[in-house]
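Undergrad: The following block contains the structure, expressed as structure tokens.
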Amino acid sequence: MTEAGSNARLTGGCRCGAVRYEVDRPVQAAICHCEDCRRSSGAPMVGWMGVAATSFRVTKGEARAWSSNGQAHRHFCATCGTGLYYLNEALISGIVDVQIATLDDPTAVSPDIQVQVAERLPWAAHIHQLPVFDRYPD
């Protein structure tokens, strides 16, 4: 999940730099396939790392929150639209789910599970079988 022996705080933020955060090492990391993640990100799946809420700190700016149901609150940059973190006390009390790709070094955390695979897009199960290119093909 994280680099062995790493006790340093992790830092990250949005695309434009208006919102920055820092966190301790995650307690878990996952790829989520749920429809809610897909619709809010515009991506087929989202990588999340769960960190203790007590270790999460916004260091610059303020994220805007949106909730479709009053329990789950997705936070994003109001300037550039980058999705940043997710709070849901009813489902994951005491945890802030942070989007791994918003880390300054997204290689510092790698998911070790996939969740909500019941909602996974059918083709995502076979994505590893698609041809790969280092850049756009000619």
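The values are calculated or read from the model by the stated rules, or taken from the named source; none is laboratory data. Note that the coordinates shown come from a computational prediction; the quantities given were computed from them, not determined experimentally. Positions of Cβ are backbone-derived with ideal geometry, glycine not excepted, and every protein chain shown enters the neighbour counts. Surface areas here come from the heavy atoms of the whole protein model, side chains and all, with no ligands, DNA or RNA. Shrake-Rupley method; radii C 1.70, N 1.55, O 1.52, S 1.80 Å.
Undergrad: Would you work out the charge dipole size for the range 75-138 about its Cα centre, treating the Cβ of every Lys and Arg as +1 and the Cβ of every Asp and Glu as -1, and quote it to the nearest 20 debye?
TA: 160 debye
Undergrad: Work out, in µm²/s and without decimals, the Stokes-Einstein translational diffusion coefficient of the chain at 25 °C, 0.890 mPa s, Rh from Kirkwood over C-alpha pairs.
TA: Translational diffusion coefficient: 155 µm²/s.
Undergrad: Of the listed peptides 81-92, 123-134, what is their order by residue-averaged count of other C-beta atoms within 10 Å, with the highest listed first?
TA: Output ranking for 81-92, 123-134: 81-92, 123-134.
Undergrad: Per-residue counts of other Cβ atoms within 10 Å, averaged by peptide: what ranking do you get for 8-18, 103-113, highest first?
TA: 8-18, 103-113
Undergrad: Now a separate question. GNM, the chain, Cα, under 10 Å: largest mean-square fluctuation among 99, 116, 28?
TA: The residue that fluctuates most here is 116.
Undergrad: Hey, in the GNM for the chain with a 10 angstrom Cα cutoff, which one of 25, 64, 39 fluctuates hardest?
TA: Between 25, 64, 39, it is 39 that shows the largest mean-square fluctuation.
Undergrad: Another question, if that's okay. So how strong a dipole does the chain carry about its Cα centre when Lys and Arg Cβ are +1 and Asp and Glu Cβ are -1, to the nearest 20 debye?
TA: Here the chain has a charge dipole of around 340 debye.
Undergrad: While we're here: State the answer as a single residue: which of 55, 76, 117 lies farthest towards the positive end of the charge dipole of the range 22-138, with beta carbon charges of +1 for Lys and Arg and -1 for Asp and Glu, about the Cα centre.
TA: 76
Undergrad: Add +1 for every Lys or Arg and -1 for every Asp or Glu among the other residues with Cβ under 15 Å from the Cβ of residue 79, and state the total.
TA: Combined, the nearby Lys, Arg, Asp and Glu give +3.
Undergrad: Accessible surface of residue 95 in the full protein assembly, 1.4 angstrom probe, to the nearest 10 Å²?
TA: 40 Å²
Undergrad: Continuing with this model, one more query. Mind giving me the nanometre distance, one decimal, between the label points for residue 89 and residue 11, set 7 Å out from Cα along Cα→Cβ?
TA: Those two pseudo-labels are separated by 3.1 nm.
Undergrad: So for the chain, averaging the separation of alpha carbon pairs under 8 Å that are six or more residues apart and normalising by length, what relative contact order in percent results?
TA: 30 percent
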